[in-house]
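The values are calculated or read from the model by the stated rules, or taken from the named source; none is laboratory data. Owing to the predicted nature of the structure, the values given are computational and were not obtained by experimental measurement. So basically every Cβ, Gly included, is an ideal-geometry build from the backbone, and we count neighbours across all protein chains shown.
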């Protein structure tokens, strides 16, 4: 399934990349982006955990289909996870992913854009920590999360003529991180991007 998604994404981007190069008004842009993550997890669709503060960094390719429509594929390293605090201490789940978002971007007026699209992710590392506020009871316990995550992204932002963009995106995960409790990723991303 992962290889099928990647194959489809590459085919679509290649097609629109060729189409975008034929368009006289907009060009295909390559760039780098990064920013701040606020990530949490929803258990059984029943509210969210506390948020983990982290970051994301990666590359993108934006291919214009028309003056107001573009297709953007990205390859991002993203730190995700969550925190749960109670009277006994703080449990932190640190999950790091390589994500592949495929975004349809709409420019309704000038420099402002809206975006929506699917995302597939591969977990590359995880770490669990429990801080009891007493060093004697601190522990680090290993869990085995699912390697594959998927979901949909919604967002918007602003892009200047010089290729600097500011964006906000929300990731709604549909893949279960663990078998029990149906935990799914919920991530706010605040990004800055630069065209090459």
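How many residues does the stretch 116-133 contain that are more than 20 Å from the chain's Cα centre (by Cα) and surrounded by 14 or more Cβ atoms within 10 Å (Cβ to Cβ)? Total meeting the criteria: 4.
Residues that are crowded, with 17+ Cβ neighbours inside 10 Å, modelled with pLDDT under 95, part of a strand (DSSP E or B) and in contact with a strand residue (DSSP E or B) (Cβ under 9 Å, 6 or more places away or on another chain) are absent from the stretch 137-146 altogether. Residues in the stretch 159-173 that are assigned to a strand (DSSP E or B), more than 14 Å from residue 99 (Cα to Cα) and either without any contact (Cβ under 8 Å) to a residue 60 or more places away in the chain or under 14 Å from the mean Cα position of the chain (by Cα) (or both): 159, 164, 166, 167, 168. Residues that are closer than 16 Å to residue 93 by Cα and assigned to a strand (DSSP E or B) within the stretch 174-196 comprise 184, 185, 186, 187, listed in sequence order. With respect to (1) over 12 Å from the mean Cα position of the chain (by Cα); (2) closer than 24 Å to residue 42 by Cβ; (3) surrounded by 14 or more Cβ atoms within 10 Å (Cβ to Cβ); (4) in contact (Cβ under 8 Å) with a residue 40 or more places away in the chain, the lone exception for residue 101 is condition (1). Restricting 62, 85 to residues that are over 14 Å from the mean Cα position of the chain (by Cα), farther than 20 Å from residue 159 by Cβ and either in a strand (DSSP E or B) or modelled with pLDDT of 95 or more (or both) narrows the list to 85.
Being buried (at least 16 other Cβ atoms within 10 Å of the Cβ) and on the phi < 0 side of the Ramachandran plot is true of residue 177.
For the stretch 43-55, how many residues meet the condition of being crowded, with 19+ Cβ neighbours inside 10 Å and modelled with pLDDT of 90 or more? Within the stretch 43-55, residues that are crowded, with 19+ Cβ neighbours inside 10 Å and modelled with pLDDT of 90 or more number 1.
Scanning the stretch 157-174 for residues that are closer than 16 Å to residue 33 by Cα and surrounded by 17 or more Cβ atoms within 10 Å (Cβ to Cβ) gives 157, 159, 165, 167, 169. A single entry from 64, 91, 113 fulfils the requirement of being buried (at least 18 other Cβ atoms within 10 Å of the Cβ) and under 19 Å from residue 181 (Cα atoms): 91.
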